[in-house]
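The values are calculated or read from the model by the stated rules, or taken from the named source; none is laboratory data. None of these values were measured; they are calculated from a predicted model. So basically every Cβ, Gly included, is an ideal-geometry build from the backbone, and we count neighbours across all protein chains shown.
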Amino acid sequence: MRTTDVMPCFAVGASQHKGIGGSTPVMIYTRGTEVVDETTDAWAIRGTLEVGGHKFDTIERAGGYVALKPGLYMAFMEQSKNHGTWTNAAGKVISAKDAGLTDGAKFTGRRQLRPQHDQTNNKGVKAAILVHAGSKPSHFVGCIGVGEKSTEGLTKSGTSIATMFKLLGGYKDGKAVYLKVVGDPPPKQKP
(Lines give C-alpha, C1' and ligand atoms only; values in the text may rest on other atoms or scores of the structure.)
Protein backbone atom coordinates (compact mmCIF):
# COMPACT_ATOMS: atom_id res chain seq x y z
CA MET A 1 0.00 0.00 0.00
CA ARG A 2 1.31 3.44 -0.88
CA THR A 3 1.78 5.88 2.00
CA THR A 4 -0.56 8.28 0.18
CA ASP A 5 -3.35 5.68 0.56
CA VAL A 6 -3.60 6.02 4.34
CA MET A 7 -4.50 8.79 6.73
CA PRO A 8 -2.81 9.31 10.13
CA CYS A 9 -4.28 7.39 13.05
CA PHE A 10 -5.07 10.58 15.03
CA ALA A 11 -7.68 11.59 12.41
CA VAL A 12 -10.28 9.21 13.91
CA GLY A 13 -10.89 7.66 17.32
CA ALA A 14 -8.92 4.51 18.15
CA SER A 15 -12.07 2.37 18.28
CA GLN A 16 -13.12 3.41 14.77
CA HIS A 17 -10.24 2.09 12.69
CA LYS A 18 -8.15 -1.01 12.22
CA GLY A 19 -5.88 0.08 9.40
CA ILE A 20 -2.39 -1.12 8.61
CA GLY A 21 0.16 0.18 11.10
CA GLY A 22 -2.26 2.52 12.91
CA SER A 23 -3.75 4.06 9.79
CA THR A 24 -7.20 4.40 8.28
CA PRO A 25 -7.70 2.78 4.84
CA VAL A 26 -8.40 5.00 1.84
CA MET A 27 -10.65 3.97 -1.06
CA ILE A 28 -10.26 5.78 -4.38
CA TYR A 29 -13.42 6.30 -6.42
CA THR A 30 -12.72 7.46 -9.98
CA ARG A 31 -15.64 8.56 -12.15
CA GLY A 32 -15.74 7.59 -15.79
CA THR A 33 -17.84 8.92 -18.67
CA GLU A 34 -19.51 5.75 -20.01
CA VAL A 35 -23.31 5.86 -19.60
CA VAL A 36 -25.47 2.95 -18.41
CA ASP A 37 -29.07 3.27 -19.62
CA GLU A 38 -32.04 1.51 -18.08
CA THR A 39 -35.35 0.96 -19.88
CA THR A 40 -36.86 3.46 -17.43
CA ASP A 41 -35.61 7.05 -17.37
CA ALA A 42 -32.87 6.04 -14.90
CA TRP A 43 -29.26 6.27 -16.04
CA ALA A 44 -25.83 6.23 -14.45
CA ILE A 45 -22.16 6.70 -15.20
CA ARG A 46 -19.53 4.01 -14.79
CA GLY A 47 -16.39 4.31 -12.73
CA THR A 48 -14.02 2.32 -10.58
CA LEU A 49 -13.39 1.93 -6.87
CA GLU A 50 -9.90 0.94 -5.79
CA VAL A 51 -9.52 -0.66 -2.37
CA GLY A 52 -6.27 -2.21 -1.20
CA GLY A 53 -4.97 -2.69 -4.74
CA HIS A 54 -8.23 -4.29 -6.00
CA LYS A 55 -10.45 -2.47 -8.52
CA PHE A 56 -14.23 -2.80 -8.54
CA ASP A 57 -16.58 -1.55 -11.25
CA THR A 58 -19.09 1.08 -10.13
CA ILE A 59 -22.17 2.91 -11.30
CA GLU A 60 -23.40 6.24 -9.95
CA ARG A 61 -26.88 7.57 -10.57
CA ALA A 62 -26.86 10.59 -12.86
CA GLY A 63 -29.45 13.02 -14.19
CA GLY A 64 -29.58 15.74 -11.57
CA TYR A 65 -29.10 13.79 -8.34
CA VAL A 66 -26.83 15.14 -5.61
CA ALA A 67 -23.31 13.69 -5.90
CA LEU A 68 -20.10 13.99 -3.95
CA LYS A 69 -17.74 16.70 -5.15
CA PRO A 70 -14.13 15.69 -5.86
CA GLY A 71 -12.20 15.45 -2.61
CA LEU A 72 -11.47 13.31 0.43
CA TYR A 73 -14.31 12.22 2.72
CA MET A 74 -14.43 10.26 5.95
CA ALA A 75 -16.99 7.45 5.57
CA PHE A 76 -18.52 5.27 8.27
CA MET A 77 -19.62 1.66 7.97
CA GLU A 78 -23.26 1.11 8.91
CA GLN A 79 -26.26 -1.14 8.45
CA SER A 80 -29.28 0.34 6.73
CA LYS A 81 -32.42 0.71 8.82
CA ASN A 82 -34.60 0.68 5.68
CA HIS A 83 -32.98 -1.73 3.21
CA GLY A 84 -32.08 -5.31 3.96
CA THR A 85 -33.48 -8.80 4.39
CA TRP A 86 -36.22 -10.28 6.57
CA THR A 87 -35.82 -13.87 7.78
CA ASN A 88 -38.03 -16.21 9.81
CA ALA A 89 -36.92 -18.07 12.97
CA ALA A 90 -35.38 -20.81 10.79
CA GLY A 91 -33.28 -18.26 8.87
CA LYS A 92 -35.27 -18.50 5.63
CA VAL A 93 -35.71 -15.24 3.73
CA ILE A 94 -39.29 -13.92 3.83
CA SER A 95 -41.00 -10.91 2.27
CA ALA A 96 -41.33 -7.66 4.23
CA LYS A 97 -45.13 -7.92 4.07
CA ASP A 98 -44.97 -11.33 5.79
CA ALA A 99 -42.58 -10.18 8.52
CA GLY A 100 -45.32 -8.76 10.74
CA LEU A 101 -47.22 -12.06 10.57
CA THR A 102 -44.22 -14.33 11.18
CA ASP A 103 -43.05 -15.40 14.64
CA GLY A 104 -39.34 -14.82 15.14
CA ALA A 105 -39.02 -12.55 12.10
CA LYS A 106 -35.72 -10.68 12.07
CA PHE A 107 -34.49 -7.79 9.92
CA THR A 108 -30.83 -7.54 8.91
CA GLY A 109 -29.91 -4.22 7.31
CA ARG A 110 -27.66 -4.11 4.28
CA ARG A 111 -24.09 -3.10 4.98
CA GLN A 112 -23.08 0.22 3.44
CA LEU A 113 -20.74 3.19 3.72
CA ARG A 114 -21.93 6.71 4.53
CA PRO A 115 -19.47 9.45 3.46
CA GLN A 116 -19.57 12.55 5.64
CA HIS A 117 -20.33 15.66 3.59
CA ASP A 118 -22.34 18.90 3.68
CA GLN A 119 -24.26 18.67 0.40
CA THR A 120 -28.04 19.08 0.43
CA ASN A 121 -30.79 17.84 -1.86
CA ASN A 122 -33.48 19.94 -3.58
CA LYS A 123 -35.45 20.08 -0.29
CA GLY A 124 -32.51 21.59 1.61
CA VAL A 125 -31.94 18.36 3.57
CA LYS A 126 -28.53 16.70 3.83
CA ALA A 127 -28.33 14.25 0.92
CA ALA A 128 -28.07 10.55 1.81
CA ILE A 129 -25.18 9.65 -0.50
CA LEU A 130 -24.07 6.07 0.18
CA VAL A 131 -21.86 3.30 -1.22
CA HIS A 132 -23.97 0.12 -1.35
CA ALA A 133 -24.97 -2.96 -3.35
CA GLY A 134 -27.32 -2.74 -6.35
CA SER A 135 -27.38 -3.78 -9.98
CA LYS A 136 -29.00 -1.08 -12.11
CA PRO A 137 -29.28 2.72 -12.13
CA SER A 138 -32.76 2.80 -10.54
CA HIS A 139 -31.35 1.05 -7.44
CA PHE A 140 -29.49 4.25 -6.59
CA VAL A 141 -30.50 7.83 -5.79
CA GLY A 142 -27.21 9.69 -6.08
CA CYS A 143 -25.45 6.73 -4.46
CA ILE A 144 -22.52 4.66 -5.73
CA GLY A 145 -22.91 0.96 -6.48
CA VAL A 146 -20.05 -1.54 -6.43
CA GLY A 147 -19.82 -4.79 -8.41
CA GLU A 148 -18.73 -6.22 -11.74
CA LYS A 149 -19.63 -4.53 -15.03
CA SER A 150 -22.67 -5.87 -16.93
CA THR A 151 -24.73 -4.48 -19.81
CA GLU A 152 -27.52 -3.41 -17.41
CA GLY A 153 -25.15 -1.99 -14.81
CA LEU A 154 -23.55 -4.35 -12.29
CA THR A 155 -23.52 -8.03 -11.30
CA LYS A 156 -22.14 -9.69 -8.17
CA SER A 157 -22.71 -6.50 -6.20
CA GLY A 158 -23.41 -8.25 -2.89
CA THR A 159 -20.22 -10.33 -3.02
CA SER A 160 -18.24 -7.30 -4.22
CA ILE A 161 -19.41 -5.24 -1.23
CA ALA A 162 -18.46 -8.12 1.10
CA THR A 163 -14.99 -8.28 -0.51
CA MET A 164 -14.66 -4.48 -0.24
CA PHE A 165 -15.30 -4.67 3.52
CA LYS A 166 -12.73 -7.48 3.88
CA LEU A 167 -10.15 -5.37 2.05
CA LEU A 168 -10.93 -2.52 4.48
CA GLY A 169 -9.99 -4.76 7.41
CA GLY A 170 -13.46 -6.16 8.09
CA TYR A 171 -16.92 -4.73 8.64
CA LYS A 172 -17.73 -3.08 11.97
CA ASP A 173 -20.58 -0.67 12.64
CA GLY A 174 -19.16 2.86 12.97
CA LYS A 175 -15.71 1.98 11.65
CA ALA A 176 -14.14 4.88 9.71
CA VAL A 177 -12.44 4.75 6.32
CA TYR A 178 -11.61 7.44 3.79
CA LEU A 179 -13.16 7.81 0.36
CA LYS A 180 -11.24 9.87 -2.19
CA VAL A 181 -13.48 11.02 -5.07
CA VAL A 182 -11.79 11.78 -8.39
CA GLY A 183 -13.63 13.36 -11.32
CA ASP A 184 -16.51 15.75 -11.83
CA PRO A 185 -20.00 14.87 -10.55
CA PRO A 186 -22.30 13.12 -13.05
CA PRO A 187 -23.96 15.43 -15.57
CA LYS A 188 -27.63 16.43 -15.35
CA GLN A 189 -28.15 15.67 -19.05
CA LYS A 190 -26.96 12.59 -20.91
CA PRO A 191 -23.81 13.29 -22.91
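Can you tell me which residues in region 121-161 are under 26 Å from Gly52 (Cβ atoms), among the polar types (S, T, N, Q) and surrounded by fewer than 17 Cβ atoms within 10 Å (Cβ to Cβ)?
Within region 121-161, Ser150, Thr155, Thr159 meet the criteria.
Tell me which strands (runs of 3 or more DSSP E) are completely within region 1-79 and hold 3 or more residues being exposed (fewer than 14 other Cβ atoms within 10 Å of the Cβ), of a type in the set (Gly, Ala, Ser) and modelled with pLDDT of 95 or more, or say none if there are none. Write out each step before concluding.
Numbers: elements: 24-37, 43-51, 54-61.
By residue number, no strands (runs of 3 or more DSSP E) qualify.
Quickly run through region 92-121 and pick out the residues that are outside any strand (DSSP E or B), in contact (Cβ under 8 Å) with a residue 12 or more places away in the chain and not hydroxyl-bearing (Ser, Thr, Tyr). Step through it out loud before you land on a result.
Quick first cut of region 92-121, residues outside any strand (DSSP E or B) only: 92, 95-105, 116-119, 121.
Filter once more, keeping what is in contact (Cβ under 8 Å) with a residue 12 or more places away in the chain: 98-99, 102-105, 116-117, 119, 121.
Matches in region 92-121: Asp98, Ala99, Asp103, Gly104, Ala105, Gln116, His117, Gln119, Asn121.
If I ask for residues that are assigned to a loop (DSSP other than H, G, I, E, B) and either under 16 Å from His132 (Cβ atoms) or within 13 Å of the chain's Cα centre (by Cα) (or both), which ones from region 158-191 would you list?
Here is the first cut: in region 158-191, the residues assigned to a loop (DSSP other than H, G, I, E, B) are 168-175, 183-191.
If the condition is that a residue be assigned to a loop (DSSP other than H, G, I, E, B) and either under 16 Å from His132 (Cβ atoms) or within 13 Å of the chain's Cα centre (by Cα) (or both), then Leu168, Tyr171, Asp173, Lys175 are the ones that fit.
Between a residue in region 25-49 that is over 17 Å from Cys143 (Cβ atoms) and any residue that is of a type in the set (Asp, Glu) and part of a strand (DSSP E or B), which pairs come within a Cβ distance under 8 Å, given they are 6 or more apart or on different chains?
Ile28/Glu50
Go over the candidates Glu148, Glu152 one by one and state the one that is part of a loop (DSSP other than H, G, I, E, B), out of contact with any Pro (no Cβ under 8 Å at 6 or more places or on another chain) and of a type in the set (D, E, K, R).
Working: Glu148 fails: part of a loop (DSSP other than H, G, I, E, B).
Being part of a loop (DSSP other than H, G, I, E, B), out of contact with any Pro (no Cβ under 8 Å at 6 or more places or on another chain) and of a type in the set (D, E, K, R) holds for just one of Glu148, Glu152, which is Glu152.
Could you tell me whether Arg114 is under 24 Å from Glu152 (Cβ atoms) and either among the hydrophobic types (A, V, I, L, M, F, W, C) or under 14 Å from the mean Cα position of the chain (by Cα) (or both)? Don't jump to the end; show me each part of the working.
Values: under 24 Å from Glu152 (Cβ atoms): no; either among the hydrophobic types (A, V, I, L, M, F, W, C) or under 14 Å from the mean Cα position of the chain (by Cα) (or both): yes.
When the stated conditions are applied, Arg114 does not pass them.
Condition first: of a type in the set (Gly, Ala, Ser) and either in contact with an Asp or Glu (Cβ under 7 Å, 6 or more places away or on another chain) or free of Cβ contacts under 8 Å to residues at least 24 places away in the same chain (or both). Can you find one or more residues in region 70-84 that meet it? If you could, list the steps in order and put the result at the bottom.
Taking region 70-84 first, the residues of a type in the set (Gly, Ala, Ser) are 71, 75, 80, 84.
Checking the rest, the ones that are also either in contact with an Asp or Glu (Cβ under 7 Å, 6 or more places away or on another chain) or free of Cβ contacts under 8 Å to residues at least 24 places away in the same chain (or both) come to none.
No, region 70-84 contains no residue that is of a type in the set (Gly, Ala, Ser) and either in contact with an Asp or Glu (Cβ under 7 Å, 6 or more places away or on another chain) or free of Cβ contacts under 8 Å to residues at least 24 places away in the same chain (or both).
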